[in-house]
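K.L.:
Have a look at this one.
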Amino acid sequence: MAFAVLSSIFIDKPKMLGYNGYMQKNDIVELEISGVTLQGDGIARLDGVVVFVPGVCPGDVVRALILKVKPNCAFGKCLAILSPAPQRVDASCAVFPRCGGCAFRCLAYCLELQIKEQEARETLRRIGGIEAPVRPILGAAQPDRYRNKAMMPLAMDADGHICGGFYTRGSHRVVRAEDCQLQPEAFLKLSAVVCQWAQDYGCTVYDETTGKGLLRHIYLRQAQEGAQIMVCLVINGQGVPRADVLIKRLRAAHTTVKSILLNHNTDDTNVILGARETLLWGKEYISEMLCGLKFALSPQAFFQVNPAQAQRLYALAGEYAGLTGTQRVLDLYCGTGAVGLTMAARCAELVGVEVAPQAVENAKQNAQANEIANARFLCMDAQAAARRLAAEDWRPDVVLADPPRKGCEPELLETIAQMRPARMVYISCDPATLARDLALLAQLGYTTEEITPVDMFPRTGHVECVAKLTRTA
């Protein structure tokens, strides 16, 4: 089955809208959905213009209300499904698509995987001219209840009650969530306990417009190892009323709660976490196992939110690295060291680079906890670290790169090429920036041998890709 994705939509001759005979705001129209964007907006055409409608499935025929008309596209809201697509499924969520968490809640998972794989292929070809083989996407065995972390903003509902939920897409309006199919069931139960305690003891909720109010977010982490849960309350202040009651209620609600903390964020910012925590009860961290290694998870520590898929991604990265025990490995943007440390037993030396000081400390602790002696970590910008290692004449045989969504700076890729590693493994969370960087690496003498998309975040619009490159010049 072929799908239209956003990157494939081109309008030959946009029509001027808003006049008689053309689509206008508040029109009610019938649309046949031909495709879907990675943001979960269905794609239809009417009067030669693309119309985007959230919460629908390719193949649906819908009645839609036109909300906004622009010169070359329009936006609508689904009022009714007139004829459901064969691969439409029950969303099983009371707040979809108002909540911004899921893009593909109403699609069969097999269709979601096809859309993501096609988007990766087309983006790589269109932006980077990449013709390397793209393996079938690695889908998740369990597309629901996979997240081990949730950050739930707090708000006042229409009845004046404190509630937790998730932001609507593109805004900071909180949609109250009684459940979330991406989260463990325990998370919503514990968030309800926090909200009831806050209501009972007169806590205020943080208001972004005024900078006032105590409670900002409920932050939860779960480790499968020993079924441990961390509850962290992000506050705009130094303490909370009746912390003893909060502790008692959380422990009674779920026996696997092992850590209860406050995170202090008093800055006027939309960054969720502040720099400091206070331990209220239990341990300062919980422990997780991944690829046979033990990792300590503090509130600030980066860790993949889908451990099952992370193991598959790391195994794939190890396969692409092709280590035999003699190579030097440079792990750029290493975070808490998870990717590189899973390969440490198969290389001679591992150097990890990360700009966040707390992450570097976590990486060092993780190496020590797993008795890994051939790894060291540098706390600096990836470009500066690459220059420093090159100046030391320390040259890697394999480079791992797992950059943020914006990808790698051109100067960094040029420095890597000057170090002349035999292989490079590039892990990307954005096919577009990956395509751009692979094109530049091709100019620098590195051929992309193969790419595998990995669905790390089922039901959302995100798709990861792992690329294998070899030096050919």
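K.L.:
Count, please, the residues in the range 187-209 that happen to be assigned to a loop (DSSP other than H, G, I, E, B) and touching a strand residue (DSSP E or B) at 6+ places or on another chain (Cβ under 6 Å).
P.N.:
Narrowing the range 187-209 to residues assigned to a loop (DSSP other than H, G, I, E, B): 201-204, 206, 208-209.
Checking which are touching a strand residue (DSSP E or B) at 6+ places or on another chain (Cβ under 6 Å) leaves us with 203, 206.
Final tally of qualifying residues: 2.
K.L.:
If you don't mind, another one. Within the range 275-309, how many residues are within 20 Å of K364 (Cα to Cα) and not charged (D, E, K, R)?
P.N.:
Summing the residues that are within 20 Å of K364 (Cα to Cα) and not charged (D, E, K, R) in the range 275-309 gives 19.
K.L.:
In the set E112, E122, E117, E185, which member is surrounded by fewer than 20 Cβ atoms within 10 Å (Cβ to Cβ) and out of contact with any helix residue (DSSP H, G or I) (no Cβ under 8 Å at 6 or more places or on another chain)?
P.N.:
Values: E112 fails: surrounded by fewer than 20 Cβ atoms within 10 Å (Cβ to Cβ); E122 fails: out of contact with any helix residue (DSSP H, G or I) (no Cβ under 8 Å at 6 or more places or on another chain); E117 fails: surrounded by fewer than 20 Cβ atoms within 10 Å (Cβ to Cβ).
None of the others qualify; the one that does is E185.
K.L.:
Sticking with this one: When you look at D47, is it of a type in the set (D, E) and buried (at least 23 other Cβ atoms within 10 Å of the Cβ), yes or no?
P.N.:
no
K.L.:
When residues of the range 125-138 are filtered for being surrounded by fewer than 20 Cβ atoms within 10 Å (Cβ to Cβ) and in a loop (DSSP other than H, G, I, E, B), how many remain?
P.N.:
Within the range 125-138, residues that are surrounded by fewer than 20 Cβ atoms within 10 Å (Cβ to Cβ) and in a loop (DSSP other than H, G, I, E, B) number 6.
K.L.:
Tell me, which residue of the range 304-326 that is assigned to a loop (DSSP other than H, G, I, E, B) and either within 16 Å of the chain's Cα centre (by Cα) or not assigned by TED's automatic domain parsing to the domain that holds V463 (or both) is nearest to V399 (Cα to Cα)? Break it down stepwise before answering.
P.N.:
Residues of the range 304-326 assigned to a loop (DSSP other than H, G, I, E, B): 304-306, 322-326.
Okay, now just the ones that are also either within 16 Å of the chain's Cα centre (by Cα) or not assigned by TED's automatic domain parsing to the domain that holds V463 (or both), so 304-306.
Numbers: Q304: 20, V305: 24, N306: 24 Å.
If we take residues in the range 304-326 being assigned to a loop (DSSP other than H, G, I, E, B) and either within 16 Å of the chain's Cα centre (by Cα) or not assigned by TED's automatic domain parsing to the domain that holds V463 (or both), then Q304 is nearest to V399 (Cα to Cα).
K.L.:
Examine the range 451-467 for a residue that is assigned to a helix (DSSP H, G or I), touching a strand residue (DSSP E or B) at 6+ places or on another chain (Cβ under 7 Å), closer than 19 Å to G129 by Cα and at pLDDT 95 or above, and state whether such a residue exists. First the steps, then the outcome.
P.N.:
Step one: filter the range 451-467 for residues assigned to a helix (DSSP H, G or I), giving none.
For the range 451-467, residues assigned to a helix (DSSP H, G or I), touching a strand residue (DSSP E or B) at 6+ places or on another chain (Cβ under 7 Å), closer than 19 Å to G129 by Cα and at pLDDT 95 or above: absent.
K.L.:
Using the structure shown, decide if G164 is out of contact with any strand residue (DSSP E or B) (no Cβ under 8 Å at 6 or more places or on another chain) and either among the small types (G, A, S) or surrounded by 13 or more Cβ atoms within 10 Å (Cβ to Cβ) (or both). First the steps, then the outcome.
P.N.:
Details: out of contact with any strand residue (DSSP E or B) (no Cβ under 8 Å at 6 or more places or on another chain): no; either among the small types (G, A, S) or surrounded by 13 or more Cβ atoms within 10 Å (Cβ to Cβ) (or both): yes.
Taking the combined requirement at face value, the residue does not satisfy it.
K.L.:
Which of (1) in contact with a strand residue (DSSP E or B) (Cβ under 9 Å, 6 or more places away or on another chain); (2) under 30 Å from Q224 (Cβ atoms); (3) modelled with pLDDT under 95 does D157 not meet, given it meets every other one?
P.N.:
(2)
K.L.:
Another one. Pairs needed: first member in the range 258-279, outside any loop (DSSP other than H, G, I, E, B); second member anywhere, buried (at least 17 other Cβ atoms within 10 Å of the Cβ) and among the aromatic types (F, W, Y); C-beta distance under 9 Å; at least 6 residues apart or different chains.
P.N.:
As it stands, the answer is S259/W281; S259/Y285; I260/W281; L261/Y219; L261/W281; N263/Y219, since those pairs meet every condition given.
K.L.:
What residue, of A155, A198, is surrounded by 14 or more Cβ atoms within 10 Å (Cβ to Cβ) and closer than 18 Å to L250 by Cα? Don't jump to the end; show me each part of the working.
P.N.:
Details: A155 fails: closer than 18 Å to L250 by Cα.
Among A155, A198, only A198 is surrounded by 14 or more Cβ atoms within 10 Å (Cβ to Cβ) and closer than 18 Å to L250 by Cα.
K.L.:
Shifting gears a bit: Would you check which residues across the range 37-48 are of a type in the set (D, E, K, R) and either more than 14 Å from G461 (Cα to Cα) or free of Cβ contacts under 8 Å to residues at least 12 places away in the same chain (or both) and list them?
P.N.:
R45, D47
K.L.:
Restrict the check to the range 236-248 and report whether at least one residue is within 30 Å of G170 (Cβ to Cβ), modelled with pLDDT of 95 or more and surrounded by 13 or more Cβ atoms within 10 Å (Cβ to Cβ). Spell out the reasoning first.
P.N.:
Of the range 236-248, the ones within 30 Å of G170 (Cβ to Cβ) are 236-237.
Then keep just the ones that are modelled with pLDDT of 95 or more; that gives 236-237.
Cutting the leftovers down to surrounded by 13 or more Cβ atoms within 10 Å (Cβ to Cβ) gives us 236-237.
Yes - at least one qualifying residue is present in the range 236-248.
K.L.:
OK, next. Tell me which residues, restricted to the range 432-467, are closer than 25 Å to E112 by Cβ and in contact with a Ser or Thr (Cβ under 8 Å, 6 or more places away or on another chain).
P.N.:
A432, L434, A435, L438, G461, E464, C465, V466, A467
K.L.:
Against the definition (charged (D, E, K, R), on the phi > 0 side of the Ramachandran plot and touching a residue at least 40 places away in the same chain (Cβ under 8 Å)), how does R242 come out, yes or no?
P.N.:
Values: charged (D, E, K, R): yes; on the phi > 0 side of the Ramachandran plot: yes; touching a residue at least 40 places away in the same chain (Cβ under 8 Å): yes.
In short, yes.
K.L.:
Within the range 335-345, how many residues are surrounded by fewer than 24 Cβ atoms within 10 Å (Cβ to Cβ) and closer than 17 Å to L313 by Cα? Lay out the reasoning, then the answer.
P.N.:
Narrowing the range 335-345 to residues surrounded by fewer than 24 Cβ atoms within 10 Å (Cβ to Cβ): 335, 342-345.
Now restrict to residues that are closer than 17 Å to L313 by Cα: 335, 342-344.
Within the range 335-345, residues that are surrounded by fewer than 24 Cβ atoms within 10 Å (Cβ to Cβ) and closer than 17 Å to L313 by Cα number 4.
K.L.:
Looking at the range 155-176 only, could you name the residues that are assigned to a strand (DSSP E or B) and of a type in the set (S, T, N, Q)? Please lay out each step first, then the result.
P.N.:
Filtering the range 155-176 down to residues assigned to a strand (DSSP E or B) leaves 155-156, 162-168, 174-176.
Result: T168, single match.
K.L.:
Enumerate the pairs (first residue in the range 49-74 and under 12 Å from E30 (Cβ atoms); second residue anywhere and acidic (D, E)) with beta-carbon separation below 6 Å, excluding pairs fewer than 6 apart on the same chain, so at least 6 apart or on different chains.
P.N.:
These pairs meet every condition: V61/E32; R63/E30; I66/D27.
K.L.:
In addition: Does V234 qualify as being of a type outside the set (D, E, K, R), free of Cβ contacts under 8 Å to residues at least 24 places away in the same chain and under 18 Å from T210 (Cα atoms)?
P.N.:
In short, no.
K.L.:
Within the range 343-354, is there a residue that is under 26 Å from R147 (Cα atoms), out of contact with any Ser or Thr (no Cβ under 6 Å at 6 or more places or on another chain) and either among the aromatic types (F, W, Y) or modelled with pLDDT under 95 (or both)?
P.N.:
Yes, that holds for at least one residue.
The values are calculated or read from the model by the stated rules, or taken from the named source; none is laboratory data. Please read all numbers here as calculations on a predicted model, not as lab measurements. Backbone-built Cβ (ideal geometry, glycine too); neighbour counts: all protein chains shown.
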